[in-house]
Amino acid sequence: MTDKAVPSGPTRRALYEARIRRRSALIATLSTALVLAAIIILVPMAPGWEAVKKSFFNGPVLAKTFPGLLNAFLMDVAIFAWCAPLIAVLALVIALCRDVRAPALFPLRLFGALYTDIFRGLPVVLVIYLIGFGVPGLGLPRPWNSPYIWGSLALILIYSAYVAEVIRSGIESIHQSQRAASASLGMSDADTMRFVILPQALRNVVPSNMNLFIALQKDVALLSFIGPVEIFRQAGVYKSLMANFTPYVGAAVIFLALTIPATRYADYLMARQRRRRG
Amino acid sequence: MSFLSLRSVTKSFAENQVCKGIDLEVEKGQMVCLIGASGSGKSTLLRCINLLEPIDEGAILLEGTDIAEPGLDPRPVRERIGIVFQSYNLFPHMSAMENVMLAPRRVHRKTRAQLKAPVEALFARFGLAERMHHYPDQLSGGQQQRVAIIRALAMQPQIMLFDEITSALDPELVGEVLDVLRQLHAEGMTMILATHEMGFARELADKVCFLDAGRILEEGPPEQLFAAPQQERTRAFLSRIL
Ligand SMILES: Nc1ncnc2c1ncn2[C@@H]1O[C@H](COP(=O)(O)OP(=O)(O)OP(=O)(O)O)[C@@H](O)[C@H]1O
Ligand SMILES: [Mg+2]
């Protein structure tokens, strides 16, 4: 071997790869620009465009309603914020119910299975209607007749069923040998679950659960059907007042501003996890 | 009365009988090696002794008491019998130190402060003082396996079971793990090893048992079993492996 000095500049390979990268970026930019130009030029040529623009993309209406929409969205966030922790706790309990092995506790297992089957099998709107109209129909005194309470309960019941299933799949993904190793040290089943299985399982299912919680944030809008004035309902009020659909577009933009970054982040976590396991 | 004795132990998985009446005597301080082809039932036998698998028939006497009695709580027994697996099975979300401390904390109700000194001493004894706070994925296979041994030892077992603990290791890492076994043997630990390391078995074992299709076909001191096997199948196995 000869002692060649390490070259100071980029290697031939690095130069080649940089050239390829530049060319790919150029092609991607060009094709995106072409598609965008086509949309910008072609869509306004449609016969109904002027009408659509006026009723869906109306600048003045948007400016007038946007602050109110944003304000109403805080209600969505608040409902999400009190539902999410309750969902997490209930889901964990249900998932653990489904894992118990003692025969005396079989009813718990059955309950866990029935619970997840029922609430994953129903449309969200249906449960919100049944609970949101049904329970206050019992003639409960204030504040117990509030649609906020019963609407939230509906969301909590449904979403904890999904989250419980995700947690259970996480528990099952932990290899049997971890349980064996823990048991071989004299650890009880409960301690094994708490200190060995759950910490690993919960970490593994963070990305999947993030996707569920993003879905929850969107489904909060369904509560508008039973009363709470959140963003979707508020947009509806503005639509009626101004005879214009732009507030709905405004609401959509507000949702996307939150959900796109969150979804991206969940995807990133998912990809990172795959790489780690890979 | 031996320290540990197995009396006609049988064990089946569905239709497949894996242990077909095993008798084995282990004296205090002895190192007993189980050898035999893949699938002959070595791992299953060790898992039965540690009660990770329930046996079908027979008895397992530890200091004279049958620990395999159906219905007995296996946990106090497992505290007395340590086992180390081929695939280490460390808890990946805990540092080496936490791996070792978990069971003493939960089972013996000791505090971290109480455990600190003895656990650090264990790490130091097996050359891992610098690696105590590393996570399993930051350790080499040989280091992970030594942590797994320390984890089992921290429960202060009376007997240790080792299931092919060097089989998953790169050849250059086998030595450091075998050194640990030498050390334990010298300190008087009673142990049973399932192993393919014939050189090691010949060097240190007090007794070698050749398992064949769920039976101990032949057993004896290593110099006898390796030099003058009585059974044709033992001879065939040894000639294949040596
Ligand atoms: N949990 C199980 N369920 C069903 N069959 C099993 C189980 N564990 C082991 N067996 C079967 O028992 C037999 C003995 O397996 P065992 O792992 O004890 O052999 P071994 O001697 O340790 O082999 P190796 O040298 O490959 O580790 C095999 O036929 C295996 O398929
Ligand atoms: Mg084996």
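The values are calculated or read from the model by the stated rules, or taken from the named source; none is laboratory data. Fair warning: this is a prediction, and the values are worked out from it, not measured in the lab. Because the Cβ atoms are built from the backbone with ideal geometry, glycine has one as well, and the counts that use them run over all protein chains shown. Please note that ligands, DNA and RNA were not included when accessible areas were found on the heavy atoms of the full protein model with its side chains. Shrake-Rupley method; radii C 1.70, N 1.55, O 1.52, S 1.80 Å.
Shielding by partners for B:102-112, please: the mean number of other protein chain Cβ atoms within 10 Å of each residue's Cβ.
3
Per-residue mean of other chain beta-carbon atoms within 10 angstrom of the beta-carbon, peptide B:44-52?
Mean partner shielding for this stretch: 1.
What are the residues whose amide H is under 5 Å from the amide H of residue B:216, where those residues sit 5 or more places off or on another chain and H is modelled from the backbone?
Counting only residues 5 or more places away or on other chains, the set is B:23.
When averaged across all projection directions, what area in nm² does the alpha-carbon convex hull of the protein assembly as shown cover?
39.8
Exposed loop sites here are trypsin sites (Lys or Arg not before Pro) in DSSP loop states with at most 16 other C-beta atoms within 10 Å. What is the longest stretch of chain A lacking them?
So the longest stretch without any such site is A:102-278.
In whole percent, and with a 1.4 Å probe on the protein chains, what portion of the accessible area of chain A is carbon and sulfur?
69
Pop out the carbon and sulfur fraction of the accessible area of the range B:1-150 as a percent, whole number, probe 1.4 Å.
Answer for the range B:1-150: carbon and sulfur cover 48 percent of the accessible area.
On average, how many beta carbons from a partner chain sit within 10 Å of the beta carbon of a residue in A:200-208?
Average per residue, whole number: 1.
Tell me the net charge near residue B:213. Cut-off is 10 Å between Cβ atoms, residue B:213 excluded, with +1 for each Lys or Arg and -1 for each Asp or Glu.
+2
Hey, what's the protein assembly as shown come to in accessible area per residue, 1.4 Å probe, Å²?
52
Taking Cα atoms, how many degrees apart are the long axis of helix B:96-107 and the longest axis of chain B, rounded to 10 and kept between 0 and 90?
For B:96-107 against chain B, the angle is about 80 degrees.
Taking the Cα centre of the range A:69-277 as the origin and placing charges on Cβ (Lys, Arg +1; Asp, Glu -1), which of A:118, A:236, A:167 is farthest toward the positive end of the dipole?
Comparing the listed Cα positions along the dipole, A:167 ranks first.
How much net charge surrounds residue B:175 when only other residues with a Cβ under 14 Å from its Cβ are counted (Lys, Arg +1; Asp, Glu -1)?
-4
Given a 1.4 Å probe and no ligands, DNA or RNA in the count, how much accessible surface is buried by A and B, both sides, to the nearest 100 Å²?
1700
Helix B:141-153 versus the longest principal axis of chain B: what angle, 0 to 90°, nearest 10, using Cα atoms?
With both axes taken from Cα atoms, the answer is about 90 degrees.
Hey, in the GNM for chain B with a 10 angstrom Cα cutoff, which one of B:214, B:199, B:21 fluctuates hardest?
Highest fluctuation of the listed residues: B:199.
Excluding residue A:74 itself, what net charge comes from residues whose Cβ is under 15 Å from its Cβ, given Lys and Arg +1 and Asp and Glu -1?
-1
Taking the Cα-to-Cβ direction at residue A:89 and at residue A:42 and moving 7 Å from each Cα, how far apart do the two end points lie in nm?
5.4
Each label point is 7 Å from the Cα along the Cα-to-Cβ direction; what then is the distance between the points at residue B:156 and residue B:1, in nm?
2.2
Using a Gaussian network model of chain A whose springs link C-alpha atoms within less than 10 Å, name the residue from A:260, A:39, A:214 with the highest mean-square fluctuation.
A:39
Using a simple spin-label model with points 7 Å from Cα along the Cα→Cβ vector, what separation in nm is obtained for residue B:14 and residue A:133?
According to this spin-label approximation, the distance is 5.3 nm.
To make sure I understand the rule: partners must be aspartates and glutamates, Cα under 15 Å from the Cα of residue B:207, and not fewer than 8 residues away in the same chain. Which ones qualify?
Counting by Cα, and skipping residues close in sequence, residue B:207 has these aspartates and glutamates nearby: B:23, B:25, B:27, B:197, B:218, B:219, B:223.
Return a whole-number percent for the relative contact order of the range B:154-242, with Cα pairs under 8 Å and 6 or more residues apart as the contact set.
Reported relative contact order: 22 percent.
Divide by every residue of the protein assembly as shown the summed helix terms, -39500 (n - 2.57) for each DSSP H run of at least 4, and state the resulting mean residue ellipticity at 222 nm, rounded to the nearest 500 deg cm²/dmol.
-18500 deg cm²/dmol
For chain A, return all DSSP H helices satisfying: extent of Cα atoms along own axis at least 24 Å; mean Kyte-Doolittle hydropathy at least -0.5.
Answer set is A:12-42, A:59-97, A:147-173, A:246-277.
Using a Gaussian network model of chain A with C-alpha springs under 10 Å, which one of A:176, A:234, A:217 is most mobile by mean-square fluctuation?
A:176
Give the total of Lys-Lys pairs in chain A with Cα-Cα distances below 25 Å; include a pair only if its members are 8 or more places apart or on different chains.
7
When you take every Cα atom in chain A, what is the radius of gyration, and what is Dmax, the widest Cα pair distance, in Å?
Looking at chain A, its Cα Rg and Dmax stand at 26.4, 92 Å.
Helix B:112-125 versus the longest principal axis of chain B: what is the Cα-based angle in degrees, 0 to 90, to the nearest 10?
Helix B:112-125 sits at roughly 60 degrees to that axis.
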